[in-house]
Amino acid sequence: MYGPKPLTGEIKKADSPYWNPILETLPREKLRALQLAKFQRILRWVWDKSPLYRRLYDEAGLEPGDIKTWEDLARVPMVEKEHYRLAQAKDPWPYGDSLCVPLEDVTVYHQTSGTTGQPVFQPETWRDWDWQSECWSYIMWAMGFRKTDRVFIPFGYNIFVAYWTGHYAAEKIGCEVVPGGVLNTAERILKMQELRVNSFMATPTYVLNMAEVCKNKLGIDPASLGIKRILCAGEPGASVRATKKRIEEVWQTNVYDHIGATEIGGWGYECMEKPSGPHANEAMFLVELIDMETGAPIEEPGRLGRVVITTFDRLAQPCVRFDSKDVAMWGADCTCGRTFRILEGGIHGRTDHITKVKGVLFSPTSAEEVVRDIPELGDEFELVVQKRGDADEVILKVELLPHCSDLEVTVREKLARDFRMKTNLNCHLEFHPFGQLPRYDVKARRFKDLRKDGH
Amino acid sequence: MSDRQSEDAAVVQTILKIKEEVLKLREMAGHLPCVDRNCERLLSSVAMLELDVVDVWTLCPDQSRESA
Amino acid sequence: MHHNSPYWNPLLETMPREKLKDLQLVKFQRILRWAWEKSPLYRRLYDEAGLEPGDIRTWADVARVPTLEKEHYRSAQAKEPWPYGESLCVPLDEVTVYHQTSGTTGQPVYQPDTWRDWEWWTECWCYIMWAMGFRNTDRVFLPFGYNVFVAYWAGHYAAEKLGCEVVPGGVLNTAERLLKMQELRVNAFMATPTYVLGMAEVCRNKLGIDPLSLGIQRILCAGEPGASVPSTKRRMEEAWGADVYDHIGATEIGGWAYECTAKPGGTHVNEGMFLVELVDLETGLPVEEPGRLGRIVITAFDRLAQPCVRFDSKDVAMWAEDCTCGRTFRVLKGGIHGRTDHITKVKGVLFSPTSAEEVVRDIPELADEFELIVQKKGDIDEVTLKVELLPHCSDLEAEVREKLGRDFRMKTNLNCHLEFHAFGQLPRYEVKAKRFKDLRKDNH
């Protein structure tokens, strides 16, 4: 009468660990062939439809038909945020020359935060939005989300894409979705407790905040909430081993990292094997690591490079060889069986944060790893790089937990030693009283490079 | 049946055929989660077409039909 | 091609009445059987009445089916499985969408929906929004905090289904929302009447921007009565230079009524998806003719996870004459007139608070806010109407007082005590207003 009945009686259970077993375990050679064909397809699409890309490629003397091999790919000019900004200053408002579809086909609106300048407006057709949900379904299924889960979304649903896709993908998977907009943190936790949710998604900073509010304001042990899995997105952290460990211990749960961006989509995801970092969804995205100095492609694991991404199937405002300004490195293959490669440690930082300090390549997530690995230290810290005369100086500010305030001497020694071993650098350590360092609600800004301001 | 009625009948049959194809797809390949869940979506969309168009035809069949 | 039709579904919306009634009866039988088979709540209710689905064959039989109210859901939901208990008609893992009522009148009612149910919600709102002129060329702003109350969630999904461009305005405060609406050149939005007027005030007084300049073409009002009160509608339309349309819906029911572009002075009932019965406030007998107030009892034919079959919505309305738009879906004249516990006899006369709203908002010298109090003075009911003159009209109190007293009397057949308060002194509400207080109940 209502639910459609099976035709022949037997329905096979969809209990694969992969959302799409076909693509996620596709042999590398076939995957590469697929990627090249899809790259050519999206390249032709943008060249046909977008004045922004047409101009860019005309200036480079390039036509889609010129790109026949992987070597040819390196000739395709990259785009960055600034390209979108300039293109969007034109008609039709507000998407301008980057729009590849008629304006009335745009259904979903988001934008970037505008902290680094004029925001980038991000249009999606309905098909694009379904593609977004599909990509996040790869992500969430790999983390174990199933329709038996009740998922809480503690986010203020607004014009930043943030967890909108997580909401829609959770629906697609069939989870029960509880939208936690408007409520403050304490109210959210009480609602999670009332409804017996078993999973949620948030930035690592907010996940730790929630635990603190839960313990200190509500007097509830976060572990008692029965959370089975947490999806972290929005900032690095869940791939920093010590941060993941802190979150998992306080919530007694599994924490998985995700990598995405408004201009790109949800392109990286950790699986339940918890390898050294997230998988790149190589069927939906071309992820290239480029040497930060030479610009040459990096294929081998262990070497940091800047992340350049092509989204194969996003049509309203695609990104083709978009310089994400993030830095990462490949890792060893995962045991989960996916042929999608691993980015070891996830995103190590922004290109303008990964910097040479005293001639040594330094990424702020290494400070995070060191600080959070020491249980006597609070979650918050601050890292400052400045010039003292001619030399670079690194200052690491930390807080001892209140009940550990008499352990400063031993912690100081361990911290300095761990930092040196991790980064090959010495740093000045400042111990601050608990609660004195800045707190962040959702996304943290713990790294400050003051050398730039001095120029 | 008049021309109008055969058009309506064709519309109804097409919707029911889509439903049947989606059910078949789910049985063939529903062990792939992406197929299973996307079929679930398709079936919900088809259910709306049933409410909007098919119900009238199947629940209240009669000889003469007038529609806008 | 179809985009030229004024009806989302020409087939159902212009179906001849007889055929529509036939369809409704069959769909009623279908959902009754579903609820009886799947839900211990309904099974018990019907067992106690000695009723089985097969017994319901005629419209007279339908009127015998026991009605349901919020309290039934509350008791059923106190049982397993948490939190839906015995009102749930599907396996728990089929539930995808969670909402709840606000809990102001007691324990909140939890509302589960399967994905198909949520698709149905979206579909119902497509009937609504298409009738108001929303098309894929619109850019729609949603100035609402996306939370556990269903509010505009279905409006968001339906706007997407229609192909509008949807801008989610959660988190931002009112001024920020207005600036975003201006920046992105949106041409439509949805809000409660209280908030629509509130936004206009912030726009003018805080931002120094004329709301007319924002180029809004249409506003969907939902969440509280007001858009079907002619003077309130007029105030909103004048402030925004837009067409304002009313909508009626509820968490437990769905989006079940909508105004069309013909503006018939009320809202069409989606009779393809809902059975809307008006029953006499005293006798409980069906009210079919236009012009007589009745309480609304609703059945949602196609909502499966937690259906409502003959749900007493505790709202009061009346039928109107047919609309010129061609829809055979009947019109509720003046939309919802109020809650049953607000529609009350005062000095033996049936009185609904929306009549006060109509009178107050029809006088341009009066501000948007007002308050209406009914209390006992000895044996006699007394009505007090509190209003505010706009600041630049403060010297007009004498004439306004006379007009207001007269208009109120003509509209309601009652005299009232008038209190003029300084502008800004009466309570303000952000989203939903509570302007009516019946103090007689507190004394019992």
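The values are calculated or read from the model by the stated rules, or taken from the named source; none is laboratory data. Keep in mind that this is a model prediction, so the values were computed, not measured. Note that each Cβ is placed from the backbone with ideal geometry, even for glycine, and that neighbours are counted across all protein chains shown.
From the list C:ASP381, C:ASP368, C:ASP315, C:ASP341, pick out the single residue that is closer than 30 Å to C:SER87 by Cα and assigned to a strand (DSSP E or B).
Step by step, each of C:ASP381, C:ASP368, C:ASP315, C:ASP341 is checked, and only C:ASP315 is closer than 30 Å to C:SER87 by Cα and assigned to a strand (DSSP E or B).
Within the stretch C:170-187, take every residue that is within 9 Å of chain A (Cβ to nearest Cβ) and modelled with pLDDT of 95 or more and give me the one that is nearest to A:TRP129 (Cα to Cα).
Among those residues, the one meeting the criterion is C:LEU184.
Tell me, yes or no, whether the stretch A:378-399 has at least one residue that is part of a loop (DSSP other than H, G, I, E, B) and either assigned by TED's automatic domain parsing to the domain that holds A:ILE259 or surrounded by 15 or more Cβ atoms within 10 Å (Cβ to Cβ) (or both).
Checked the stretch A:378-399: no residue is part of a loop (DSSP other than H, G, I, E, B) and either assigned by TED's automatic domain parsing to the domain that holds A:ILE259 or surrounded by 15 or more Cβ atoms within 10 Å (Cβ to Cβ) (or both).
Looking at the stretch A:276-288, can you tell me whether even one residue there is in a loop (DSSP other than H, G, I, E, B), among the aliphatic types (A, V, I, L, M) and more than 30 Å from A:GLU376 (Cα to Cα)?
Looking for residues that are in a loop (DSSP other than H, G, I, E, B), among the aliphatic types (A, V, I, L, M) and more than 30 Å from A:GLU376 (Cα to Cα), one finds at least one in the stretch A:276-288, hence yes.
I need a count of the residues in the stretch A:11-33 that are facing another protein chain (nearest Cβ under 10 Å), of a type in the set (Val, Ile, Thr) and in a loop (DSSP other than H, G, I, E, B).
Count: 1.
Return the residues of the stretch C:147-161 that are part of a helix (DSSP H, G or I) and either under 19 Å from the mean Cα position of the chain (by Cα) or over 15 Å from C:TRP118 (Cα atoms) (or both); say none if nothing qualifies.
C:TRP153, C:ALA154, C:GLY155, C:HIS156, C:TYR157, C:ALA158, C:ALA159
Listed residues C:GLU165, C:GLU160; which is of a type in the set (D, E, K, R), surrounded by 24 or more Cβ atoms within 10 Å (Cβ to Cβ) and over 22 Å from C:ALA200 (Cβ atoms)?
Within the list C:GLU165, C:GLU160, the selection yields C:GLU165.
Having 1 or more residues that are within 13 Å of another protein chain (Cβ to nearest Cβ), surrounded by fewer than 21 Cβ atoms within 10 Å (Cβ to Cβ) and free of Cβ contacts under 8 Å to residues at least 12 places away in the same chain is the bar; report the helices (runs of 4 or more DSSP H) wholly within the stretch A:65-154 that clear it.
Result: A:126-142.
If you take the residues in the stretch C:1-52 that are among the β-branched types (Val, Ile, Thr) and touching a residue at least 12 places away in the same chain (Cβ under 8 Å), which one is farthest from the other protein chains (Cβ to nearest Cβ)?
Per the stated criteria, the residue is C:ILE31.
Does C:ALA175 satisfy the criteria of being touching a Cys at 6+ places or on another chain (Cβ under 9 Å) and closer than 18 Å to A:THR107 by Cα?
Criteria not met by C:ALA175.
Looking at C:VAL150, is it at pLDDT below 95 and among the β-branched types (Val, Ile, Thr)?
No.
Name the residues in the stretch C:107-146 that are assigned to a loop (DSSP other than H, G, I, E, B), more than 11 Å from chain A (Cβ to nearest Cβ) and either at positive phi or polar (S, T, N, Q) (or both), would you?
The answer is C:GLN107, C:GLY133.
For the list (1) more than 12 Å from chain C (Cβ to nearest Cβ); (2) buried (at least 24 other Cβ atoms within 10 Å of the Cβ), I need the number of the one condition that A:TYR163 fails.
The failed condition is (1).
Name every residue in the stretch A:418-455 that is of a type in the set (Lys, Arg), assigned to a helix (DSSP H, G or I) and in contact (Cβ under 8 Å) with a residue 40 or more places away in the chain, in order of residue number.
A:LYS422
Scan the stretch A:181-192 residue by residue and report those that are within 13 Å of chain C (Cβ to nearest Cβ) and farther than 15 Å from C:TYR110 by Cα.
Correct list: A:GLY181, A:VAL182, A:LEU183, A:ASN184, A:GLU187, A:ARG188, A:LEU190.
Checking B:TRP57 against (1) more than 28 Å from A:ALA170 (Cα to Cα); (2) within 11 Å of chain A (Cβ to nearest Cβ); (3) not basic (Lys, Arg): exactly one of these is not met. Which one?
With respect to (1) more than 28 Å from A:ALA170 (Cα to Cα); (2) within 11 Å of chain A (Cβ to nearest Cβ); (3) not basic (Lys, Arg), B:TRP57 is out only on (2).
Which condition number in (1) over 30 Å from B:VAL53 (Cα atoms); (2) of a type in the set (Lys, Arg); (3) in a loop (DSSP other than H, G, I, E, B) is the one that C:ARG74 fails?
The number of the failed condition is (3).
With the requirement that a residue be touching a Phe, Trp or Tyr at 6+ places or on another chain (Cβ under 7 Å) and over 13 Å from C:LEU68 (Cβ atoms), what does the stretch C:34-51 give you?
Selection gives C:TRP34 alone.
Would you check which residues across the stretch A:194-227 are in a loop (DSSP other than H, G, I, E, B), within 19 Å of A:TYR163 (Cβ to Cβ) and more than 21 Å from the chain's Cα centre (by Cα) and list them?
Of everything in the stretch A:194-227, those that are in a loop (DSSP other than H, G, I, E, B), within 19 Å of A:TYR163 (Cβ to Cβ) and more than 21 Å from the chain's Cα centre (by Cα) turn out to be A:VAL197, A:ASN198, A:ILE227.
Tell me the residue from C:THR283, C:THR251 that is surrounded by fewer than 23 Cβ atoms within 10 Å (Cβ to Cβ) and more than 27 Å from C:ALA60 (Cβ to Cβ), please.
C:THR251
Here is a yes/no grid of residues against (1) buried (at least 20 other Cβ atoms within 10 Å of the Cβ); (2) out of contact with any His (no Cβ under 9 Å at 6 or more places or on another chain):
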residue	(1), (2)
C:ARG74	no, yes
C:SER87	yes, no
C:THR96	yes, yes
C:TYR110	yes, no
C:TRP125	yes, no
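Working only within the stretch C:86-102, note down all residues that are in a loop (DSSP other than H, G, I, E, B), out of contact with any Ser or Thr (no Cβ under 6 Å at 6 or more places or on another chain) and within 17 Å of C:GLY249 (Cα to Cα).
Correct list: C:SER102 only.
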